[in-house]
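The structure under discussion appears below in the form of structure tokens.
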Amino acid sequence: MEIDKDFSYTEALVACPECDLIHSVPKIREGEQGRCIRCGALLFVRHKNSLNRSLAFALTGLMFFILANMFPLLTFQLEGQSESNRLIDGAIAFWNAGYWELGIVVFISSVVAPLAVLLVLITLLLPMQLNRFPFSPQFQIRLLTHLKPWAMSEIFILGIIVAFVKLQDFADVSVGLSLIAFVLMVVATVMAYLTLDESALWSRLKEIRT
Amino acid sequence: MTAPVTAKSTGAVSCHVCGLLVSGRYIAEHSADCPRCDAVLHSRKINSLSRTWALLIAAAVLYIPANVYPVLTLVSFGQSTTNTIMGGVIELAQSGQLVIAVIVFVASVFVPIFKIVALLFLVVSVQLRLKIQRRKRALLYRFTEFIGRWSMIDIFMISILIGLVKLQALATVTAGPGAIAFAAVVIITMFAAMAFDPRLIWDDEGERQ
Ligand SMILES: [Zn+2]
Ligand SMILES: [Zn+2]
């Protein structure tokens, strides 16, 4: 492959993030993706209306996140007494029991990071939708990259399922409204990520700036 | 075989945040910050192998208390049951919840050990300059990075139980010290996977022996 090495920085070439092999950026159609010929890592994806759709999913996700915090997740009944818990109660319970490290970990991974991901996406994409420049797209995109591994809502859902199954053995447990909202929040967030095409993001930013 | 053209071989650096390819000349003349997203540019993750080693050793040490100490205690009608990670899996299996038991076993017992062994193998294979099965090793890394977070299931499960089951004499769930060690193993192995640079697997491809 002939590669023009005389560039300052370029969007015409891309190095595979997992093996560093240089590829020239092909013209791929919407809905298609390109993988590294050497290691198979995903290099490019193109989505139709990527930024609009990602914003719509992020706003939907935020709405469900708010709903998920308003009602109980699970309700548990035993001998006529009942208890229910909200999303943040797990983190608070760890904190109160003296396991403050776990309280912080659970708070970040189930509340702060999932919310922050949605807020960053919205504050990035909403101004762009209105033809304005976001306050600091560089910072926002870097923040998004670093937040991503710590937002663990989908794993939290499995945690709820396991807790539910364990409790069923000795008490009556029922699913609260918030659990449904929480599941929908996770679906919307995943969709917001999947539809977001970063190269479209950068080229749109360039358009707005000029 | 001729050496493949990589960013490194042409003196360029690919931004780890936004993927922009920046030439060595730009970095020398301007700065080592990405011109598009401002992230600090590195050709390879800094001290990747030694950091991965250190984190893996820490995770392996903590794996022992994580499995020996109880992670939760259930007191119900005066009877108390204390579970370790494995004890929780066995209890689920005994109560007939096989599917859930398998999920928890894979996430809590198999995944942490698999991650530690897989990353150790990757680090050592790079240090020994192993030339075979690069693509399979790349796949192994991708898989290891993907599954790591799923071990948090047990921590979330415990957080939900202790937040929900607090009916004093009737039923109360409390967390055990094993939970801290277990969460530490999960988080440290996540950092270990992030510290490893998969490009090192490929870096000596096409070099003269
Ligand atoms: Zn590659
Ligand atoms: Zn960048």
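The values are calculated or read from the model by the stated rules, or taken from the named source; none is laboratory data. Remember, it's a predicted structure, so these values are computed and weren't measured experimentally. Backbone-built Cβ (ideal geometry, glycine too); neighbour counts: all protein chains shown. SASA here: full protein model, heavy atoms, side chains in, ligands and nucleic acids out. Shrake-Rupley method; radii C 1.70, N 1.55, O 1.52, S 1.80 Å.
All of B:V117, B:V71 fail the test of being surrounded by 19 or more Cβ atoms within 10 Å (Cβ to Cβ) and either closer than 20 Å to B:A171 by Cα or free of Cβ contacts under 8 Å to residues at least 12 places away in the same chain (or both), apart from B:V71.
For the range B:85-101, state whether one or more residues are touching a residue at least 40 places away in the same chain (Cβ under 8 Å), assigned by TED's automatic domain parsing to the domain that holds B:I188 and surrounded by fewer than 19 Cβ atoms within 10 Å (Cβ to Cβ). Don't jump to the end; show me each part of the working.
Just the residues of the range B:85-101 that are touching a residue at least 40 places away in the same chain (Cβ under 8 Å), to begin with: B:85, B:88.
If we keep only those that are assigned by TED's automatic domain parsing to the domain that holds B:I188 too, we end up with B:85, B:88.
With surrounded by fewer than 19 Cβ atoms within 10 Å (Cβ to Cβ) added as a condition, the list becomes none.
There is no residue in the range B:85-101 that is touching a residue at least 40 places away in the same chain (Cβ under 8 Å), assigned by TED's automatic domain parsing to the domain that holds B:I188 and surrounded by fewer than 19 Cβ atoms within 10 Å (Cβ to Cβ).
Figure legend. Inter-residue proximity from the range B:4-23: first residues in the same structural domain as B:R134 (by TED's automatic domain parsing), second residues aromatic (F, W, Y) and near ligand 2 (Cβ under 8 Å from one of its atoms), beta-carbon distance below 6 Å, spacing 6+ or different chains. No pairs are indicated.
Checking the condition among the polar types (S, T, N, Q) and within 27 Å of B:S159 (Cβ to Cβ), which residue from A:T123, A:T145 passes?
Values: A:T123 fails: within 27 Å of B:S159 (Cβ to Cβ).
Just a single option satisfies the conditions, and that option is A:T145.
Taken over the range B:21-38, the criterion of being out of contact with any Cys (no Cβ under 6 Å at 6 or more places or on another chain) and either open to solvent by less than 20 Å² (accessible area, probe 1.4 Å) or near ligand 2 (Cβ under 10 Å from one of its atoms) (or both) is satisfied by B:L21, B:V22, B:S23, B:D33, B:P35, B:D38. Within the range B:3-20, restricting attention to residues that are among the β-branched types (V, I, T) and facing chain A (nearest Cβ under 7 Å), the residue that is surrounded by the most Cβ atoms within 10 Å (Cβ to Cβ) is B:T6.
In this structure, does A:V173 turn out to be under 20 Å from the mean Cα position of the chain (by Cα) and more than 8 Å from chain B (Cβ to nearest Cβ)? For A:V173, the condition - under 20 Å from the mean Cα position of the chain (by Cα) and more than 8 Å from chain B (Cβ to nearest Cβ) - is not met. Open to solvent by 40 Å² or more (accessible area, probe 1.4 Å), more than 16 Å from ligand 2 (Cβ to nearest atom) and either among the β-branched types (V, I, T) or over 30 Å from B:G163 (Cβ atoms) (or both): does that describe B:S50? In short, yes.
Just one residue in the set A:L21, A:L73 is surrounded by 19 or more Cβ atoms within 10 Å (Cβ to Cβ), more than 30 Å from A:I108 (Cβ to Cβ), away from ligand 2 (no atom under 16 Å from the Cβ) and within 14 Å of another protein chain (Cβ to nearest Cβ); that residue is A:L21.
Based on what the data block shows, is A:P26 free of Cβ contacts under 8 Å to residues at least 60 places away in the same chain, open to solvent by 30 Å² or more (accessible area, probe 1.4 Å), over 17 Å from the mean Cα position of the chain (by Cα) and within 16 Å of ligand 2 (Cβ to nearest atom)?
Considered against the rule, which asks whether it is free of Cβ contacts under 8 Å to residues at least 60 places away in the same chain, open to solvent by 30 Å² or more (accessible area, probe 1.4 Å), over 17 Å from the mean Cα position of the chain (by Cα) and within 16 Å of ligand 2 (Cβ to nearest atom), A:P26 comes out as no.
For the range B:177-209, the tally of residues that are more than 18 Å from B:V5 (Cβ to Cβ) and not in a helix (DSSP H, G or I) stands at 4. Out of all the residues in the range B:187-194, is one or more over 17 Å from B:F77 (Cβ atoms), touching a residue at least 60 places away in the same chain (Cβ under 8 Å), in contact with an Asp or Glu (Cβ under 8 Å, 6 or more places away or on another chain) and away from ligand 2 (no atom under 16 Å from the Cβ)? Checking the range B:187-194: at least one residue is over 17 Å from B:F77 (Cβ atoms), touching a residue at least 60 places away in the same chain (Cβ under 8 Å), in contact with an Asp or Glu (Cβ under 8 Å, 6 or more places away or on another chain) and away from ligand 2 (no atom under 16 Å from the Cβ).
Among the residues of the range B:138-191, those identified as more than 7 Å from every other protein chain (Cβ to nearest Cβ) and among the small types (G, A, S) are B:G148, B:S151, B:A169, B:G176, B:G178, B:A181, B:A184.
Kindly establish whether A:L78 is facing chain B (nearest Cβ under 9 Å), in contact (Cβ under 8 Å) with a residue 24 or more places away in the chain and more than 24 Å from B:G148 (Cβ to Cβ). So A:L78 fits the description; yes. Checking each residue in the range A:130-157 for being open to solvent by 40 Å² or more (accessible area, probe 1.4 Å) and either facing chain B (nearest Cβ under 8 Å) or assigned to a helix (DSSP H, G or I) (or both) picks out A:F139, A:R142, A:L143, A:T145, A:H146, A:K148, A:W150, A:E154. If you go through the range A:86-129 and keep only what is open to solvent by less than 30 Å² (accessible area, probe 1.4 Å) and either over 27 Å from A:N52 (Cα atoms) or facing chain B (nearest Cβ under 10 Å) (or both), you end up with A:L87, A:D89, A:G90, A:A91, A:A93, A:F94, A:L102, A:G103, A:V106, A:S109, A:S110.
At pLDDT below 90 and either polar (S, T, N, Q) or not assigned by TED's automatic domain parsing to the domain that holds A:A113 (or both), is that true of A:S84? I'd like the intermediate steps shown before the answer.
Numbers: at pLDDT below 90: yes; either polar (S, T, N, Q) or not assigned by TED's automatic domain parsing to the domain that holds A:A113 (or both): yes.
Taking the combined requirement at face value, the residue satisfies it.
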